[in-house]
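To start, the structure itself, in structure tokens.
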Amino acid sequence: MCLLLVALDTHPDYALVVAANRDEFHERAAAPADFWTDAPDILGGRDLEGMGTWLAVNRRGAFAAITNVRVPGGALGTRSRGLIISDFLTDTRPPSRFVEDLTATGQTYSGFNIIASQGADLAWYSNFVDEHRTLGAGVYGLSNHLLDTPWPKVRRLKHAFDKLDVLPEDELVCALFDALASEQAAPDPELPATGLDLAYERILSPIFINGDHYGTRCSTVVLIDRHQQLTFIERRFGPHKTFLGERTFRFEIDPGAT
């Protein structure tokens, strides 16, 4: 996952709104969103190399997503970061406790951020700065640095949501996917300095990265309404934004699910 917006308790109809893009090499094998055969309460896409995921939910209404921290030449971890998501979604600890406990093993992974939620409990942790935080109601943006680092793509996605936070579901979903599809590049003076050369920073600056070998592989919208109905929609893409399909899942949250 490389770009994520999470809005907690800011929409009149939805307790949680998530909009996210996963950027990855197109050759890396991944399964589209579905309930997992080996963990039937988990719904999400799956990285078929590390067997983790970038974003998923479970039937209890818990949600988690992970982003890499862009540190060229940084130390590599010994365990796939995507497994942290399945660890959380098969655990019974609340998000704030889970991320606090994760600090004990956080340095065994390559650089990452995690945002996790269940109900009103929303928490963030990054092993890049070894910091965790419980988050209140609000709109949060995350890319390949720290929470709410004002990279151009983060600012644009949050600004787009400012205009959407009262829309009914059909209009909200369409508008979120439109925002996630933006290929507008950032002006050079606004580009972050992450150790990559300028040409590559330009390629990575849009919300949607349209490339041949590397780019946005999927866009996902997750909604949890005030009546505990969860909606999960994933759109998948190949090289040069080739549309590969859409999957939609809806279910009633079950607090007693295992």
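Here are a few things to note about the model shown:
- Of the residues Glu190, Glu201, the single one that is in contact (Cβ under 8 Å) with a residue 12 or more places away in the chain, surrounded by fewer than 21 Cβ atoms within 10 Å (Cβ to Cβ) and among the acidic types (Asp, Glu) is Glu190.
- Only one entry in Ile66, Ile115 is under 20 Å from Leu230 (Cβ atoms) and touching a helix residue (DSSP H, G or I) at 6+ places or on another chain (Cβ under 8 Å), namely Ile66.
- Within the range 7-42, being in contact (Cβ under 8 Å) with a residue 24 or more places away in the chain, closer than 22 Å to Ser110 by Cβ, out of contact with any Gly (no Cβ under 7 Å at 6 or more places or on another chain) and not charged (D, E, K, R) holds for Ala20, Asn21, Phe25.
- Inside the range 227-258, residues that are of a type in the set (Ser, Thr, Tyr), in a strand (DSSP E or B) and either surrounded by 14 or more Cβ atoms within 10 Å (Cβ to Cβ) or at pLDDT below 95 (or both) make up a count of 1.
- Subset of the range 45-65 (residues that are within 10 Å of the chain's Cα centre (by Cα) and open to solvent by 10 Å² or more (accessible area, probe 1.4 Å)): Trp54
- Total residues in the range 70-84 satisfying the condition of being at pLDDT 95 or above and among the aliphatic types (A, V, I, L, M): the figure is 2.
- Residue check for Pro40: open to solvent by 10 Å² or more (accessible area, probe 1.4 Å), at pLDDT 95 or above and touching a Cys at 6+ places or on another chain (Cβ under 8 Å): no
- Some residue of the range 85-92 being modelled with pLDDT of 95 or more, among the aromatic types (Phe, Trp, Tyr) and under 22 Å from Ile233 (Cα atoms): yes
- Members of the range 19-37 that are loosely packed, with under 13 Cβ neighbours inside 10 Å and either within 15 Å of Ile207 (Cβ to Cβ) or among the β-branched types (Val, Ile, Thr) (or both): Thr37
- Just so you know, in the range 202-226 the residues that are in a strand (DSSP E or B) and not β-branched (Val, Ile, Thr) include one that is farthest from Thr53 (Cα to Cα), and it is Asp225.
- Residue in the range 164-171 that is closer than 29 Å to Gly211 by Cα, out of contact with any strand residue (DSSP E or B) (no Cβ under 9 Å at 6 or more places or on another chain) and crowded, with 17+ Cβ neighbours inside 10 Å present: no
- Residues satisfying the stated conditions in the range 204-226, i.e. aromatic (Phe, Trp, Tyr) and either within 16 Å of Ala19 (Cβ to Cβ) or loosely packed, with under 14 Cβ neighbours inside 10 Å (or both): Phe208
Okay, residues lined up against (1) among the aliphatic types (A, V, I, L, M); (2) touching a strand residue (DSSP E or B) at 6+ places or on another chain (Cβ under 9 Å):
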position	(1), (2)
Val57	yes, yes
Pro72	no, no
Ser96	no, yes
Thr105	no, no
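The values are calculated or read from the model by the stated rules, or taken from the named source; none is laboratory data. This one's a predicted model, so the numbers in the text were calculated from it and none came from an experiment. Cβ sites come from the backbone with ideal geometry, for glycine too, and all protein chains shown count toward neighbours. Each accessible area value is taken on the protein alone, full model and side chains, heavy atoms only, with ligands, DNA and RNA left out. Shrake-Rupley method; radii C 1.70, N 1.55, O 1.52, S 1.80 Å.
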